[in-house]
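Student: Got a structure for you, questions after.
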């Protein structure tokens, strides 16, 4: 049985260190959640801060996500749009709902319904005309 040389030991040790370093790092979170779920829950319970304060908090969250190139979670833009509607800013709500629809195509039916309501009763889409 041949003796292992110090070079073999060092090579093996380096290989183990590289593999251990790779195994220790997993993928990061898919979305930047932060306090969004808690804030949304508080809003539903009507225990939250004022709509203006909620908007400021969520806009700061969105800015931080943009700065770190992180993705906003599902429903974030939709929730923020609802806050803007409550604050009398339908144009900003429209922008956010369209962005939610783009980011999460599975939200399209709900976002389309909100956008249609935003347009008022005069708005019709294909298939809505009873003719």
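Every number here is computed from the coordinates shown, using simple stated rules; none is lab data. What you see is a predicted model, and the numbers here were worked out from it, not measured in a lab. So basically every Cβ, Gly included, is an ideal-geometry build from the backbone, and we count neighbours across all protein chains shown.
Student: Given a cut-off of under 8 Å on Cα pairs at least six residues apart, what relative contact order in percent is computed for segment 49-119?
Tutor: Averaging sequence separation for qualifying contacts and normalising by length gives 26 percent for segment 49-119.
Student: Kindly state, to the nearest 0.05, the FRET efficiency for residue 33 paired with residue 66, given R0 = 25 Å and r defined as their beta-carbon distance.
Tutor: 0.95
Student: Can I ask one more? Jot down the radius of gyration and Dmax of segment 49-119, Cα atoms only, both in angstrom.
Tutor: Rg then Dmax for segment 49-119, in Å: 11.9, 35.
Student: Now for a different question. What FRET efficiency comes out for residue 119 versus residue 87 if R0 is 25 angstrom and r is the Cβ-Cβ distance? Round to the nearest 0.05.
Tutor: 0.85
Student: So the label point goes 7 Å from the Cα of residue 45 along Cα→C-beta, right? Which residues of segment 77-96 then have their backbone N under 20 Å from it?
Tutor: Residues 79-80, 83 qualify, since their backbone N sits under 20 Å from the label point.
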